[in-house]
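**Q** Here it is: the structure, laid out below.
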Amino acid sequence: MNKMSERRLVIIGAGVVGLCCGYYAQKSGWNVTILESGSSSRTGCSFGNAGMIVPSHVIPLAAPGMLSLGLRMMFNRRSPFAIKPRVSTDLLNWSLDFMKAATPGHVQHVAPLLRDLNLSSREAYVELETELGPVFDLKQRGLIMLCKTTKMLEEEGKAAELARGLGVPAEVLDAQAVAALDPGVTMDVSGGIYFPKDCHLSPDKFVNSLTQRFIEIGGSVVLNAEVTSWRSCNNRIVAAVTEAGEYEGDEFVLCSGAWSSTLAKKLGLRIPMQAGKGYSITLGEPPQMPEICSILMEARVAVTPMGNKLRFGGTMEIAGLDESVSHQRVQGIIDSIPTFFPSFSTELFVDKPVWSGLRPCSPDGIPYIGRFSTFTNLVCATGHAMMGLSLAPITGKIVTDILMGVTPPFDMQALSPNRYQPAN
Ligand SMILES: Cc1cc2nc3c(=O)[nH]c(=O)nc-3n(C[C@H](O)[C@H](O)[C@H](O)COP(=O)(O)OP(=O)(O)OC[C@H]3O[C@@H](n4cnc5c(N)ncnc54)[C@H](O)[C@@H]3O)c2cc1C
């Protein structure tokens, strides 16, 4: 066995998940190299997202009603959730797996796991702020789910009850109480649910400062290094293969977001995944600045203060590995904003750049974290969908535990990357 500092770990993908895995592993004595297909100017999913850390999100994407919502909205080009019809066996199989998972029993089974992961990750973010300094705008002020109608407020009240039942604090507030909680912004709503444990931050600043620290402690990030295949021997990976050469390692971690299933397939491994496209637009000089991040529930739009900027993000479009912008869907986001925040006009968004990103979505709404059973030195850490930023630090800690031979204190069965692998 090599000395710890000689043990080489190769990570594929320098998104927020890959970087957190690299950071914690490097700190634990591994010699880590992260291979990233993008360049230094990349702007992928980990950079332009809504920046929310979400203990409030105990319900997975695969929940009753979600698939029928997607199908109903399929032909509405402005809707916040859509599945683009395509001839694709992968999409068909993913949809079947999604339907199988979207049951009340599944939600009940995984909600405590999502709570534990999100709360532990929140703690890790607070630690990371101490380690990296106050450089990524972390604000521990909670999140408000803003409801325009009383019907939505009632529905969300039930979700709040579920969260409270699991020990996640949640308060149902009327319009007056919501206004008192965040007087920085004028709101036209029936009320909202306040989740005091949630936080927000600037994701690009987080990714950049973590990258810098990872390199300072001896890690390396190789840009423009797309892994195209693998070299393996006797059910062990020997090297990740790029056009510029091979990277040999003792252990490998697959963290390449929405592209992970394509790389897994090259080893005969099945981790079903669809890309869930979303958009964001950031205002540099907003007319009002909320203190607390919020979700405009009927529109499913996230609103996050980031330093002196304000970001609006939304849509979940299952449309393949396609980062192009649908201007109609973006207009759907923009048009919803003045209906909740009357001091904002749609003109504020004219000619503002639109960012798009692809969320890596597993069919059951639970990430894939763990060792593959057929390749004993390959660990998987992907499929976090709408919670990848929130869960990145705890994912990095779990992966490091696995690499160190420590059993992580979570339901690893539910997270297993082998759960969709056909039985031999
Ligand atoms: C509009 C929007 C809002 C969101 N808001 C939030 C939020 O508020 N909170 C939250 O928790 N999450 C949010 N998310 C989700 C979050 O952004 C993602 O879950 C997260 O960024 C995924 O991180 P990742 O590292 O797994 O993937 P990515 O960030 O996609 O990183 C994967 C990396 O792998 C690289 N790669 C791919 N293939 C290869 C290859 N073959 N070789 C080498 N490198 C490769 C890619 O270039 C990429 O850099 C949001 C997403 C969107 C779209």
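**Q** Got a number for residues in the range 152-182 being free of Cβ contacts under 8 Å to residues at least 40 places away in the same chain, in a loop (DSSP other than H, G, I, E, B) and more than 24 Å from the chain's Cα centre (by Cα)?
**A** The number of residues fulfilling the criteria is 0.
**Q** Can you tell me which residue is nearest to Ile53 (Cα to Cα) among those in the range 96-138 that are assigned to a loop (DSSP other than H, G, I, E, B) and modelled with pLDDT of 95 or more?
**A** Step one: of the range 96-138, the residues assigned to a loop (DSSP other than H, G, I, E, B) are 102-103, 133-138.
With the extra rule that they be modelled with pLDDT of 95 or more, the set shrinks to 133-138.
Numbers: Gly133: 18, Pro134: 16, Val135: 16, Phe136: 13, Asp137: 12, Leu138: 10 Å.
Among them, the one singled out is Leu138.
**Q** Might you check whether a residue that is of a type in the set (Val, Ile, Thr), surrounded by fewer than 21 Cβ atoms within 10 Å (Cβ to Cβ) and not assigned by TED's automatic domain parsing to the domain that holds Arg78 occurs anywhere in the range 280-294?
**A** Within the range 280-294 (the criterion being of a type in the set (Val, Ile, Thr), surrounded by fewer than 21 Cβ atoms within 10 Å (Cβ to Cβ) and not assigned by TED's automatic domain parsing to the domain that holds Arg78), the answer is no, since none of the residues qualifies.
**Q** While we're on this one: Out of the range 343-394, which residues are within 8 Å of the ligand (Cβ to nearest atom) and either in a helix (DSSP H, G or I) or modelled with pLDDT under 95 (or both)?
**A** Ala385, Met386, Met387, Gly388, Leu389, Ser390, Leu391, Ala392
**Q** Would you mind finding the one in Ser39, Ser56, Ser46 that is within 12 Å of the ligand (Cβ to nearest atom), of a type in the set (S, T, N, Q) and out of contact with any helix residue (DSSP H, G or I) (no Cβ under 8 Å at 6 or more places or on another chain)? Walk me through it before giving the result.
**A** Working: Ser56 fails: out of contact with any helix residue (DSSP H, G or I) (no Cβ under 8 Å at 6 or more places or on another chain); Ser46 fails: out of contact with any helix residue (DSSP H, G or I) (no Cβ under 8 Å at 6 or more places or on another chain).
Of Ser39, Ser56, Ser46, the one residue that is within 12 Å of the ligand (Cβ to nearest atom), of a type in the set (S, T, N, Q) and out of contact with any helix residue (DSSP H, G or I) (no Cβ under 8 Å at 6 or more places or on another chain) is Ser39.
**Q** Testing Met289 on (1) under 16 Å from Ile337 (Cα atoms); (2) within 12 Å of the ligand (Cβ to nearest atom); (3) not acidic (Asp, Glu), one condition comes back false. Which one is that?
**A** Unmet for Met289, out of (1) under 16 Å from Ile337 (Cα atoms); (2) within 12 Å of the ligand (Cβ to nearest atom); (3) not acidic (Asp, Glu): (2).
The values are calculated or read from the model by the stated rules, or taken from the named source; none is laboratory data. Because the structure is predicted, anything quoted here is derived from the model rather than measured. Note that we place each Cβ from the backbone using ideal geometry, even for glycine, and neighbour counts take in every protein chain shown.
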